[in-house]
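The values are calculated or read from the model by the stated rules, or taken from the named source; none is laboratory data. These numbers come from a predicted model, not from an experiment. Cβ coordinates were reconstructed from backbone atoms using ideal geometry, including for glycine residues, and neighbour counts include every protein chain displayed.
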Amino acid sequence: MAKVSSWWPSKLGGSAATTKISSPPARGLSCAPAGVVSTKVRTRAVRRVFMSGIILAPMKTLIKTVVALPGEGIGLEVVEATCEVLSGADVAVKILTPLQISAPGSPVPEETQRACRAADAVLFGAAGPATTRVVGWLRWEMDAWAGVRPAKFYPGMRSPLADPDGIDLVVIRENSEGMYPGREGDLAEARRALPNLRDRFGRGLERHGDGRFAVKVVTSAGATRIARFACELARRRKARGHAGKVTCVTKSNVLPQTDGLFHATVRETVATYPDLAFEHFHVDDAARRIIRFPKTMDVLVCMNQYGDILSDVAGEVAGGLGVAPSANFGDGGWAYFESVHGSAPDIAGRGIANPTGTLLSAALMLEHLGLAAEAERLQAAVARVYRDGKALTPDQRGTATTKQMAAAVLAAYRNS
């Protein structure tokens, strides 16, 4: 079985003064595949992994502090590989690996919360059943309200399209409102609380039997905030040769109150940026256009649920979820970065997960940290590995392992 972590103090050199070392997992410890051992044994193994953290290499110059939280499943593998690249590239960051949870499903420890708040950025791996509360804390409790999800095709990527060259768009997801993180309840409670609520045909909730309801929240302040964020990004992209266009995505024809408010607010906000173009599509049409005409897209701004869905579509069009990065920004410069893919339990522990999404998330992180040259160099290294096509993981029609692909990226970085 593949090791969860192979970084050990004897391989690193340095001291605890320059390297944060959480209690390392036992050598050779891994998450056994489903069906091989009992659930109890798997739970014990998973708990030991989550309580151990990842060991990270020392940096020569400690300028920015990053907290690395691997999550679970392939998150352990891709975060480790990415941190090895950052370490080997001598990027000027100090990486801390505090305890992310004390047991599966437990909240983020207070000490870890303090470390994340104090850090310049957080790099997260992938959430699963045991670590859902980790990503929930990062995104919603820390109010990382702006989700940035680029979708860019690099020659050599395995896109389902016949001509993907030139795909380079960004989905901006409003993270704090909409349908998430979930405001739900029993339908009987809604009937009692809202006896006069009617749908567009005048029908009340009494016509429904037993069931559940969900509340969708849209505010002028939230829509304005994310619209301005999208406009500023579109303006920066325009300076680099992109179209300078903001595409608003809603279902305002069916939901005129909530989606209509978001639509109108974004349109009015973009109008205050005379150098930017504006367009609007309903979400079903937008999904079709991302697949059929992805090169016409620049910056798309969406409510929470639509952005969640469309960013996956965009990532798949570019080359698959394994290559899709993301950044999430809150107030005061706080941000965390994660690949879009999940924990992929079907391949976890096999060492074949694609690290591209996490590597490109790290590039976004470096740009956020003011290390623009290093960010561009890392992106170029990833592009070179895809262009060469010799060290790609199985999802990209290659045979390389996670570590082999990361090593190729590091070599390309050093040689650039």
> Which of the residues that make up the range 220-235 are of a type outside the set (A, V, I, L, M, F, W, C) and closer than 20 Å to Gly332 by Cβ?
Replying inline: Gly222, Thr224, Arg225, Arg228, Glu232
>> Among the residues of the range 168-189, are any free of Cβ contacts under 8 Å to residues at least 40 places away in the same chain, of a type in the set (A, V, I, L, M, F, W, C), farther than 19 Å from Tyr306 by Cβ and not assigned by TED's automatic domain parsing to the domain that holds Gly389?
In response: yes
> Residues in the range 215-267 that are hydroxyl-bearing (Ser, Thr, Tyr) and over 25 Å from the mean Cα position of the chain (by Cα): how many?
Replying inline: 4
>> Looking at Gly156 and the list (1) out of contact with any helix residue (DSSP H, G or I) (no Cβ under 6 Å at 6 or more places or on another chain); (2) in a loop (DSSP other than H, G, I, E, B); (3) farther than 30 Å from Cys231 by Cβ, which single condition is not satisfied?
In response: (1)
> Is at least one residue of the range 256-274 among the acidic types (Asp, Glu), touching a residue at least 12 places away in the same chain (Cβ under 8 Å) and either surrounded by 20 or more Cβ atoms within 10 Å (Cβ to Cβ) or closer than 24 Å to Gly319 by Cα (or both)?
Replying inline: yes
> Do we find that Gly322 is over 19 Å from Pro70 (Cα atoms), small (Gly, Ala, Ser) and buried (at least 22 other Cβ atoms within 10 Å of the Cβ) in this structure?
Replying inline: no
>> Checking Pro150 against (1) at pLDDT 95 or above; (2) surrounded by fewer than 21 Cβ atoms within 10 Å (Cβ to Cβ); (3) outside any loop (DSSP other than H, G, I, E, B); (4) not small (Gly, Ala, Ser), only one condition comes out false. Which one?
In response: (2)
> Out of the residues in the range 103-149 that are under 29 Å from Ala223 (Cα atoms) and among the polar types (S, T, N, Q), which is nearest to the chain's Cα centre (by Cα)?
Replying inline: Thr132
> Is there a residue in the range 287-298 that is on the phi < 0 side of the Ramachandran plot, out of contact with any Phe, Trp or Tyr (no Cβ under 6 Å at 6 or more places or on another chain) and in a strand (DSSP E or B)?
Replying inline: no
> Which one is nearest to Gly166 (Cα to Cα) among residues in the range 202-258 that are in a strand (DSSP E or B) and among the polar types (S, T, N, Q)?
Replying inline: Thr247
> Any idea how many residues of the range 165-198 are surrounded by 12 or more Cβ atoms within 10 Å (Cβ to Cβ), outside any strand (DSSP E or B) and within 22 Å of the chain's Cα centre (by Cα)?
Replying inline: 7
> Inside the range 342-416, counting only helices (runs of 4 or more DSSP H) that do not spill past its ends, which hold 2 or more residues that are in contact with a Phe, Trp or Tyr (Cβ under 7 Å, 6 or more places away or on another chain)?
Replying inline: 356-368, 372-388
